[in-house]
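The structure appears below as C-alpha cells.
The values are calculated or read from the model by the stated rules, or taken from the named source; none is laboratory data. Predicted model, so just to flag it, every value in this text is computed and none were measured. Virtual Cβ from ideal backbone geometry, glycine too; neighbours counted across all protein chains shown. Just so you know, the surface numbers come from the protein's heavy atoms only, side chains and all, with ligands and any DNA or RNA stripped out. Shrake-Rupley method; radii C 1.70, N 1.55, O 1.52, S 1.80 Å.
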Amino acid sequence: MPFRDQNVYNANRPAHCKLVGPAHRVSSEMIAFIVRRILLLIPTLFFITIVTFLVIELPPGDYLDAYAANLAAGGDPVDQERLEALRKQFGLDKPAPLRYLQWLTNILRGNFGFSFEWNVPVENLIWERLALTFFISLSTILFTWIVGFLIGVYSAVNQYSIGDYIFTTLGFIGLGLPNFLIALVIMWYAFDQFGLRLSGLFSQEYRAAPWSLAKFLDMITHLWLPLIILGTAGTAEMIRTMRANLLDELNKPYVETARAKGLRERVLVRKYPVRVALNPFVSTVGWTLPNLISGATIVSVVLSLPTTGPMLLGALMTQDMYLAASFLLMLSVLTVVGTLISDLLLAVLDPRIRMEAQ
C-alpha cells in the first residue's frame, strides 16, 4: 500500500472508499469461508443417509432370510410364522422408503436401531468400541505425523546423506510389507523367544472388568504394538511425501532469495518451505478421520483388538442392517467432517485457497 498511515488515509476518504485493514479482511474472508463450508454439510449429510441406506438395501433379502438359510443349511427346522412375526416386529415388512424415514427419524432422536445378531440396541454395542478405536487410531495418527514429519524434514535437508538413504530404505520396506504380516511376525517371535502373548488390548483380568484407572494403565502398556504396526505404512508414506514436497520447495526462487539475504538455514526452512510442504499432511485429514472408526480390520483381527473393524465386517456378512448402517454412516460423516477440517486448515496455511473459493 502506498500509504503508510492507513488511518490518515481513511480519515480523508468517503465511507465507501475507506480501506479495510489486513487483519479485518483476513478475518472476514475466513468467517465467510467457514460459513460456506458448514452450510454445504447439511445437504451432504442428508444425501449420505440416503446412500448409506441404499447400500444396506442392495443385497437380496435381509438378516432373517440369512438366518433362515443358515438354519436350513444346518438341518434345523425353520419356523416361518416366527420369522414373519419377527419381520413385522422389526418393521422389515414395510416398504423401503418407509423404513428409511423411520430409520432417519430414530437417528435424529439418538436411536440407531436394533442389532439382530447381538439382540441388543446398536448404541449398546458401538460406543465403547468407537472410543477404543478412536483412541488407538488417534495415537497412531499422532505417531505417524510426528515421526513422518521429523524424518521427512531431516531427509530433505540432508539429501543423499547416510541417514537419508537409511530412512528411504526403511520407508520402502514399510510400504512394501503388509501391516498384518508385520503383526504376525512380531507375535510369533515374541511367543517363540520369550513366551509372550501380545494379542489383545488388555490383560486377562481386565478384559471383562469395568473401566478404572488400573484398566486404563493396562491398556496403555499394551498399546505400543498396535501403535507401531498400524503406524508403519503411514509413517513410511508421510516420510516420502514430506521429503519430496520439501525438496521441491527448497529449490524455488523465494528460498534462494531468503538465503541471499542472510537468513539462517534453520529459520528459513522452518518458516517458509516447511509450512508449504505441510499441505499434503493437512489435506489427508479427510481420509484419516474415517480410520478412527473403521481401523485396520485385518490387523484388528490378527491382534484380537476390540475395535469396530471386525464388528463392522461381521455385521456386513450377516446383513445386520442397522448395526452395519450405523458404522457406515459414521464413516461417511467423519469423511465429510475430515474434509471440512482439511479445508479450514489449508485455508489457514495457504490464504490463496480461501481466496479462490470465493
So if we plug the beta-carbon distance of residue 54 and residue 260 into 1/(1 + (r/R0)^6) with R0 = 45 Å, what FRET efficiency do we get, rounded to 0.05? 0.15
Please list, in chain and number order, the residues 5+ apart from residue 115 or on another chain whose amide H is under 5 Å from its amide H, with Hs placed from the backbone. 120, 122
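Which order do 207, 87 take when ranked by solvent-accessible area (1.4 Å probe, heavy atoms of all protein chains), largest first?
Numbers: 207 125, 87 30 Å².
Result of the area sort, largest leading: 207, 87.
Would you please classify the overall shape of segment 71-155 from the alpha carbon gyration tensor, given that a ≥ b ≥ c denote the square roots of the eigenvalues, rounded means a/c under 1.5, and beyond that prolate means a/b larger than b/c while oblate covers the rest? Can you show the working numbers first?
Numbers: a/c = 3.66, a/b = 2.31, b/c = 1.58.
Here segment 71-155 falls in the prolate category.
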Förster radius 35 Å - calculated FRET efficiency between residue 279 and residue 104 (Cβ-Cβ, nearest 0.05): 0.45
Ignoring ligands, DNA and RNA, how do 242, 30 rank by accessible area with a 1.4 Å probe, largest first? 30, 242
How tilted is helix 123-157 with respect to the longest principal axis of the chain? Cα atoms for both, answer in degrees (0 to 90, nearest 10). 30 degrees
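Work out the P(r) tail for segment 169-225: percent of alpha carbon pairs separated by more than 15 Å, whole number. Write down the numbers at each step before the final one.
Details: 965 of 1596 pairs.
In whole percent, the long-distance tail amounts to 60.
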If I compute solvent accessible area with a 1.4 Å probe over the protein chains, what percent of it on segment 157-279 is carbon and sulfur? 64 percent
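Using a ≥ b ≥ c from the Cα gyration tensor of segment 54-115 (square roots of the eigenvalues), is it rounded, prolate or oblate, where a/c under 1.5 gives rounded and otherwise the larger of a/b and b/c decides, a/b for prolate? Before the final figure, lay out the partial values.
Numbers: a/c = 2.44, a/b = 2.05, b/c = 1.19.
Prolate.
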When only C-alpha pairs under 8 Å and at least 6 residues apart count, what is the relative contact order of the chain, in percent? 25 percent
Nearest-0.05 FRET efficiency for residue 223 and residue 196, computed from C-beta distance (R0 22 Å): 0.90
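If you take the Cα atoms of the chain, find Rg, then find the Kirkwood Rh from the mean of 1/r over all pairs, what is Rg/Rh? Intermediate values should be presented prior to the final figure.
Working: Rg = 26.8 Å, Rh = 24.7 Å.
Using only Cα positions, Rg/Rh for the chain is 1.08.
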On the Cα set of segment 201-276, report Rg and Dmax in Å, please. 22.0, 64
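With every protein chain kept in the model, how would you rank 154, 160 by accessible area, 1.4 Å probe, largest at the top?
Details: 154 95, 160 145 Å².
Heavy-atom accessible area, descending, gives 160, 154.
Ranked highest first by average number of other Cβ atoms within 10 Å, how do 249-256, 178-185 line up?
Most protected by this proxy first, the peptides run 178-185, 249-256.
Which order do the peptides 80-86, 53-59 take when ranked by the mean count of other beta-carbon atoms within 10 Å per residue, highest first? Mind showing how you got there, number by number?
On the way: 80-86: 11.9, 53-59: 14.9.
Per-residue Cβ counts within 10 Å, averaged per peptide and sorted highest first, yield 53-59, 80-86.
Mind ordering 262-274, 186-198 by average Cβ neighbours within 10 Å, highest first?
Going by the mean number of other Cβ atoms within 10 Å, highest first, we get 262-274, 186-198.
Give me the 1.4 Å probe accessible area per residue for the chain, excluding ligands and nucleic acids, in Å².
Numbers: 20990 Å² over 358 residues.
Per-residue accessible area for the chain comes out at 59 Å².
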May I ask for the angle, rounded to the nearest 10°, between helix 321-349 and the longest principal axis of the chain, with both axes built from Cα atoms and the value confined to 0 to 90°? 0 degrees
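Quote to one decimal, in nm, the extra length available between residue 31 and residue 147 on full extension: 0.36 nm per residue of separation minus the C-alpha distance between them.
Details: separation 116, 0.36 × 116 = 41.76 nm, distance 3.30 nm.
Answer, rounded to one decimal: 38.5 nm.
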If I fit a long axis through the Cα atoms of helix 213-222 and take the longest principal axis of the Cα atoms of the chain, what angle between them do I get, 0 to 90°, rounded to 10? 80 degrees
